[in-house]
Amino acid sequence: MNTRASPPGLSGAHARRLEAFASVAAAVAHSTDIDATLSTALGATLDALGLEAGGIYLVDEETGGLLATRHHRGLPADYPQKVQRFRRGEGPIGRALDSVTPVAVRDITAQEGVRVATLEAGLRALAFIPLYARGRAVGMMAVGAYKVRDFAPDELQVLGAIGGILGSAI
């Protein structure tokens, strides 16, 4: 249990988001191990936003699509294998790759092109965060919940900043 008080003027939720941003920034700055950095970043992001599931994908330089990394949390054990590759433009995650800012989906079941594995896993709300470095996408972090929910503008702002930091580490 976190017993630290929030800084003056910050709610507990805002303080958690700031702490996630700081954790990711510190992990990137101090780590020479990209796997450890990605794992830390995913965990801190999920914790800060109170989300249950997420994963990180990297851009395949040959195809421009997305390849799953081993960094997935809160998902069925076979899920990463079922969503191992996405073509650029395929489904919400592939379309979000062309966005410079995070793309939030309140209810993924209402979207076209969603993989059966995602629906079977029970995911509902998802945010797709492009990981950018030097003006190009190098990956994607997908985070979500098993219930329908909106992502607040300040949450998307923090996710965008985390995407930029992670992208620079890749």
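The values are calculated or read from the model by the stated rules, or taken from the named source; none is laboratory data. Everything quoted here is computed from the prediction, not taken from an experiment. Note that each Cβ is placed from the backbone with ideal geometry, even for glycine, and that neighbours are counted across all protein chains shown. For the accessible areas, the whole protein counts, side chains as well, though only heavy atoms, and no ligand, DNA or RNA atoms are used. Shrake-Rupley method; radii C 1.70, N 1.55, O 1.52, S 1.80 Å.
Nonpolar atom fraction for the chain, defined as the carbon and sulfur part of the 1.4 Å probe accessible area, stands at 52 percent. Roughly how far apart, in whole Å, are the Cα centres of the range 86-118 and the range 130-170? About 13 Å separates the Cα centre of the range 86-118 from the one of the range 130-170. Debye-formula intensities of the range 97-155, expressed as log10 I(q)/I(0) at q = 0.17 Å⁻¹, are -0.59 (one equal scatterer per alpha-carbon, no solvent). Peptides 129-135, 73-79 ranked from most to least packed, by the mean per-residue count of other Cβ atoms within 10 Å: 129-135, 73-79. Averaged over residues, the count of other Cβ atoms within 10 Å places the peptides 117-127, 138-148 in the sequence 138-148, 117-127, highest first. So what is the relative contact order of the range 106-156, in percent, for Cα pairs below 8 Å that sit 6 or more residues apart? This gives 37 percent for the range 106-156. Ordering of 60-69, 102-111 by packing is 102-111, 60-69, highest average first (other Cβ atoms within 10 Å, averaged per residue). Can you give me the accessible area per residue for the chain, using a 1.4 Å probe, in Å²? Result: 51 Å² of accessible area for each residue. For the residues SER31, SER39, SER23, a GNM of the chain with alpha-carbon springs under 10 Å puts the largest fluctuation on SER31. Relative contact order, whole percent, for the chain stands at 22, derived from Cα pairs under 8 Å and 6 or more residues apart. Here Rg/Rh (Cα atoms, Kirkwood Rh) was calculated from the structure, and among [x] 1.70; [y] 1.11; [z] 0.95 it sits at label [z].
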